[in-house]
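Let me begin by presenting the structure, written as structure tokens, before commenting on it.
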Amino acid sequence: MISLQSDELLETTVGQHMIEADKVAHVQVGNNLEHALLVLTKSGYTAIPVLDASFRLHGLIGTNMIMDKIFGLERIEFEKLEDIHVEEVMLTDIPRLNISEPILKGFGMVINHAFICCENDEGVFEGIFTRRVVLKQFNKYIRTLNK
Ligand code: 4BW
Ligand code: 4BW
């Protein structure tokens, strides 16, 4: 996390504020729902990115999407978790940011999404831009104004 005055902050890029890919919990295309549910539960996050072996972004998977898929008419069919792959359930129509885009673009996008996946010019996943980062910067800015 970098600390800047407001005018300097607006000149920074999304890439300077994101959580780096190696710290982002994710699953891979080809993983089954049992594995995805394990990663989601153990990491504590409600939704995480789905990547391939080359670290390209394919979509997002959340606990709600998994549970929705295994709801039967009379019970939750947990035995299905093993046989269904994440790509059958994940959300593919998702917003993306390039790491070199201005932070202001990220501010606007996190109004409707808890986090935005960030990619480099080659389309490789580099990290996520979260609401927490935005609120932290906003909090700092307000406190500076009040001094
Ligand atoms: O494990 C956690 N550690 C910390 N420090 N905060 C957490 C953790 N789990 C949840 N939180 C807090 C954060 O403030 O709850 C908010 C909502 O979590 P979410 O959405 O519903 O799981 C968190 O807000 P945020 O940091 O702005 O993150 C927004 C969303 O971005 C999260 C999650 O879907 C995703 N995310 C954040 N960090 C992630 C991540 N996904 C994978 N790996 C990460 N490291
Ligand atoms: O159904 C949804 N519609 C829309 N427009 N956005 C949604 C929906 N479900 C999730 N979202 C988005 C929102 O940006 O994902 C974020 C995280 O959802 P959450 O946490 O993990 O279910 C949503 O962010 P938010 O609107 O700032 O809401 C933050 C959290 O507040 C939600 C949920 O725990 C709670 N919440 C919000 N609206 C609610 C609600 N709980 C019950 N009823 C509501 N109407």
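Every number in this text was worked out from the coordinates using simple rules, so none of it is lab data. Every value quoted in this text rests on a predicted model; they were computed, and no experiment measured them. Neighbour counts run over all protein chains shown; Cβ positions are idealised from the backbone, glycine included.
Observations on the model:
- Both the radius of gyration and Dmax for the chain are 17.5, 59 Å, in that order, over alpha-carbon atoms.
- For segment 55-122, the direction-averaged projected area of the alpha-carbon convex hull comes to 6.0 nm².
- Using θ = phi - 60° in the Karplus curve 6.51 cos²θ - 1.76 cosθ + 1.60, the 3J(HN,Hα) couplings for segment 103-117 round to 4, 4, 5, x, 3, x, 6, 7, 5, 9, 9, 5, 7, 10, 6 Hz; x is entered for Gly and Pro.
- Using 0.36 nm per residue and subtracting the Cα-Cα separation, the extra length available between E87 and M67 on full extension is 5.7 nm.
- Computed from label points 7 Å out along Cα-Cβ, the spacing between D7 and K42 is 4.9 nm.
- Low-density loop positions, trypsin sites (Lys or Arg not before Pro), segment 47-111 - DSSP coil, at most 11 other Cβ in 10 Å: R75
- Top of G30, G106, G59 by mean-square fluctuation, Gaussian network on the chain, Cα under 10 Å: G30
- For segment 3-45, the Kirkwood hydrodynamic radius comes to 13.1 Å, computed from all pairs of different C-alpha atoms.
- Sparsely packed loop sites in segment 37-126 (the GluC sites (Glu not before Pro) outside DSSP H, G, I, E and B with at most 12 other Cβ atoms within 10 Å) comprise E74, E77, E122.
- Lys/Arg +1, Asp/Glu -1 at C-beta; segment 1-84 dipole; positive extreme among N64, L81, I19: L81
- Computed magnitude of the charge dipole of the chain (debye, nearest 20; Cβ of K, R +1, Cβ of D, E -1): 940 debye
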